[in-house]
């Protein structure tokens, strides 16, 4: 289907977000299991629960938009998932390994923050205030998740070994 107007752009963005959220939902348990810090593992577990809620919100958002909740493969998310897998497979331990995982997680959050911010702006431009508010809830949670990972990463940096 051709993209002909702002609602079509919003619909396209939401399909991309739905694909991304589903991919991230599936990789978060692997990141949690690989984390050595219980605090980091818990942050990944908590964010997986939020991600399930984000998917449900997106599905409700499609209803508000009057469109079918369907996704198209988000290639950016595929790349970020692969980066997360690489961080898990990388040799290392302790703070340095957890820093790799934290970095992979933050890259995901930044992608989601930009994607949700764009979707909220498009919904507002279309006069779809209920949809903008719904997407804004997920945007706020993505920002909070990034702040949590950033804070954890700062503490890990302070404790990580320096080269001799």
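What follows draws every value from the coordinates through simple rules; no lab data is involved. The shown structure was predicted, so the numbers you read here are calculated from the model rather than taken from an experiment. When we count neighbours, we look across all protein chains shown, and the Cβ atoms used for this are built from the backbone with ideal geometry, even at glycine.
Sorted fewest first by neighbouring Cβ atoms within 10 angstrom, 14, 30, 162 come out as 162, 30, 14.
Distance from the alpha carbon centroid of region 26-80 to that of region 125-164 works out to 13 angstrom. Using the Cβ-Cβ distance between residue 159 and residue 42 with R0 = 22 Å, the FRET efficiency computed as 1/(1 + (r/R0)^6) comes to roughly 0.80. The slack in the chain from residue 124 to residue 89, taken as 0.36 nm per residue of separation less the alpha-carbon distance, amounts to 8.4 nm.
May I ask for the angle, rounded to the nearest 10°, between helix 129-159 and the longest principal axis of the chain, with both axes built from Cα atoms and the value confined to 0 to 90°? Roughly 10 degrees, rounded to the nearest 10. Note on the chain: Cα Rg divided by 2.2 N^0.38 Å, N the number of residues, gives 1.11.
Go ahead and estimate [θ] at 222 nm for the chain from helices alone: -39,500 (n - 2.57) per DSSP H run with n ≥ 4, summed, over the residue count, rounded to 500. Don't jump to the answer; show the numbers that get you there.
Working: 5 runs with 135 residues, N = 164.
So the calculated ellipticity at 222 nm is -29500 deg cm²/dmol.
Across the chain, the relative contact order, built from alpha-carbon pairs under 8 Å that are at least six residues apart, equals 29 percent. Overall shape: oblate for region 9-91, with the ratio a/c of the largest to smallest alpha carbon gyration tensor axis at 1.5 or above and b/c at least equal to a/b. Inter-label distance, residue 3 to residue 151: 3.6 nm, where each label sits 7 Å from its Cα along the C-beta direction. Listed from fewest to most Cβ neighbours within 10 Å, the set 115, 19 follows the order 19, 115. Using a simple spin-label model with pseudo-atoms 7 Å out from Cα toward Cβ, residue 117 and residue 140 lie 1.8 nm apart.
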